[in-house]
1. With a sphere of radius 9 Å drawn around the Cβ of Leu89, what net charge do the other residues whose Cβ falls strictly inside it have (Lys, Arg +1; Asp, Glu -1)?
2. Whose amide H sits under 5 Å from the amide H of Leu277, counting only residues 5 or more places off or on another chain, with H placed in the peptide plane?
3. For the pair Ala176 and Ala261, how long in nm is the line joining their label points, each one 7 Å along Cα→Cβ?
4. So between Gln53 and Ala216, what do we pick up on full extension, going 0.36 nm a residue minus the alpha carbon distance?
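Laboratory data are not the source of any read-out in this text; all were calculated from the coordinates shown. Every value quoted in this text rests on a predicted model; they were computed, and no experiment measured them. Note that we place each Cβ from the backbone using ideal geometry, even for glycine, and neighbour counts take in every protein chain shown.
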Amino acid sequence: MTAAEAAVHEAAPAKINLALHVTGRRADGYHLLDSLVAFADAGDRVTARAAGQTRLHVTGPMAARVPVDARNSVLRAAALIGVSADITLDKHLPAAAGIGGGSSDAAATLRALARLGDRPLPEALSLGADVPVCLLAGAARMCGIGEDVARVEGLPALDAVLVNPGVPVATPEVFARLECRGNAAMPEVLPRWRDGADCARWLAAQRNDLEAPAQALCPAIGAVLERLRAGAGCTLARMSGSGATCFGLCPDAATARAEAARIAVERPDWWVVATRLR
Ligand code: C5P
């Protein structure tokens, strides 16, 4: 087999918290969440080839922001599964951005190395609270601190714009600023959404409880939400995760592309993509 044939590719899609309710706090300080999570077409890409020793190469437009030492989630994932490989991370997502870049990279690495080394997937929570849902890489309801994930069937495909103002946000600082730590969960039974518009209307009644503390820490988030709401195209604008990336839901792909183009012209310094969430 040639080296090219032995390469394993895995997508590491952006994770979007369509709703994120903070329902409590554990004695160890971690927060209990109830979150509806979807994944974007946009994301990073992990390629792995069998090798005697693990090495990581980072390419792509966001490569400069990624540490290549032991902090890197790809190397931590490789150590956890115990399969050595030559790994390339093609980095397109901004880091510390609320869209699970590092977690999705870790999950994609676990999937790639499990295939390469013919190993079962390990228990992934130790790599980060978002890694279990990223292993699923499909619409899911995430509870507990992130370990309790259940696939959600019937989420309509949602056309969206993702916008990040280029300011990294530290997740622990956002949680530390949270005023109320015992908010209501989402309804126990999720509805059967008829289509994307029906889903967007339902989402409007849900929340991201981290939006206010993240905005207090990073005022650029308010500017992003304001830009998303300024056009006529977005039916809902909300922050994902602990920010600073926000998403705007649009009725169709053409509107998402038009909204993304408008914002990219207004703010050429921001990261803006039109994508589909599913
Ligand atoms: O697990 P992860 O590294 O993504 O979490 C980063 C930080 O975010 C944690 O150290 C904790 O302060 C906070 N966090 C939390 N509750 C969660 C997830 C994360 O308080 N469910």
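1. Numbers: positive: Arg45, Lys91; negative: Asp44, Asp90, Asp105.
That works out to -1.
2. Leu158, Asp159, Ala160
3. Once both label points are built, they end up 4.4 nm from each other.
4. Working: separation 163, 0.36 × 163 = 58.68 nm, distance 4.42 nm.
Computed gain between Gln53 and Ala216 is 54.3 nm.
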